[in-house]
Amino acid sequence: MEKTFKAVIWDFGGVFTSSPFDAFTRYEEENDLPKDFIRSVNAVNPLENAWALLERSEVDAAGFDAMFRSESMALGHEVPGRDVLSLLSGSLRPRVVAALDACKAKGKVGCITNNAPIGKGASMTNDAAKAAELEKVFARFDHVIESSKLGIRKPDPRIYALMCEALDVAPQECVYLDDLGINLKPARQMGMTTIKVLGEDQLLSDLQAVTGYALA
């Protein structure tokens, strides 16, 4: 018997938009940095580093710039934090937005995003037209949790529990999608069915397989 779900909960960056990791790779190639260097900086002390503090609004953009620069220098290459912030906002994936609409027609939809208090709105972009486009996507959700407003970020288990409470669903009744394994683990341990997003086609295929919904 096919399992029925009451809610599909989504990450945003790297799911509805192209992955910032692609932009990181381009930046590293252009600046003669080792491959995955930016991600390696973010992996050191992941709960209390510059990235973590920014996503909990415990430092501002200027503080992140200096802190990330220092952290990157400790690993052998100086990278200004402001450069990293400029790489965060990817391009929208319309087929994933269509999948969101299909899920919304069947049940509840929520978004948990680790974001930073930069740019225009939840999308973190400084491009007004792009921010408006992405804001239309955020408006589709029944509930949105932003780490920068809450002061809690994934993978803190509390953030997933708060989403379940807001949607009035049990974790076992939810599908959760994220492009980072570290953020999927707590959701899976709570009882959610999880999908790691590696790309657009794979996301749509896996979500259709899990839910039985007809997705483009």
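The values are calculated or read from the model by the stated rules, or taken from the named source; none is laboratory data. Computed from a prediction, not measured in an experiment: that's the story for all the values here. Quick reminder, even Gly has a Cβ in these numbers, built from the backbone with ideal geometry, and neighbours come from all protein chains shown. These area figures cover heavy atoms from the full protein model, side chains too; ligands, DNA and RNA do not enter into them. Shrake-Rupley method; radii C 1.70, N 1.55, O 1.52, S 1.80 Å.
Things worth noting here:
- Residue within the stretch 5-14 that is outside any helix (DSSP H, G or I), open to solvent by less than 50 Å² (accessible area, probe 1.4 Å), acidic (D, E) and in contact (Cβ under 8 Å) with a residue 12 or more places away in the chain present: yes
- Those residues of the stretch 103-126 which are more than 23 Å from I152 (Cα to Cα) and open to solvent by 30 Å² or more (accessible area, probe 1.4 Å), in sequence order: K104, A105, K106, N126
- From V97, V137, residue being open to solvent by less than 30 Å² (accessible area, probe 1.4 Å), within 12 Å of G13 (Cβ to Cβ) and assigned to a helix (DSSP H, G or I): V137
- Restricting N31, N42 to residues that are closer than 20 Å to L180 by Cβ and not β-branched (V, I, T) narrows the list to N42.
- Among residues of the stretch 42-61 being within 17 Å of the chain's Cα centre (by Cα) and free of Cβ contacts under 8 Å to residues at least 12 places away in the same chain, the one that is least open to solvent (accessible area, probe 1.4 Å) is N42.
- Scan of the stretch 70-89 for residues that are open to solvent by 10 Å² or more (accessible area, probe 1.4 Å) and not in a helix (DSSP H, G or I), ordered by number: L75, G76, H77, E78, P80, S86, L87, L88, S89
- Residue, nearest to S89 (Cα to Cα), within the stretch 114-134, restricted to residues that are in a helix (DSSP H, G or I) and in contact (Cβ under 8 Å) with a residue 24 or more places away in the chain: S123
- Yes/no for F64 being open to solvent by less than 70 Å² (accessible area, probe 1.4 Å), touching a strand residue (DSSP E or B) at 6+ places or on another chain (Cβ under 8 Å) and either free of Cβ contacts under 8 Å to residues at least 24 places away in the same chain or not charged (D, E, K, R) (or both): no
- Conditions (1) hydroxyl-bearing (S, T, Y); (2) more than 14 Å from N114 (Cβ to Cβ); (3) surrounded by 14 or more Cβ atoms within 10 Å (Cβ to Cβ); number of the one not met by S205: (3)
- Criterion violated by N45 - all others in (1) in a helix (DSSP H, G or I); (2) more than 25 Å from A122 (Cβ to Cβ) satisfied: (1)
- Y160 vs. criteria of a type in the set (F, W, Y), under 20 Å from F16 (Cα atoms) and touching a Pro at 6+ places or on another chain (Cβ under 8 Å): yes
- Here is the figure for the stretch 155-179: residues that are surrounded by 17 or more Cβ atoms within 10 Å (Cβ to Cβ) and under 22 Å from T211 (Cβ atoms) total 13.
- Test: residue in the stretch 6-19 that is more than 17 Å from S89 (Cβ to Cβ) and not aliphatic (A, V, I, L, M): yes
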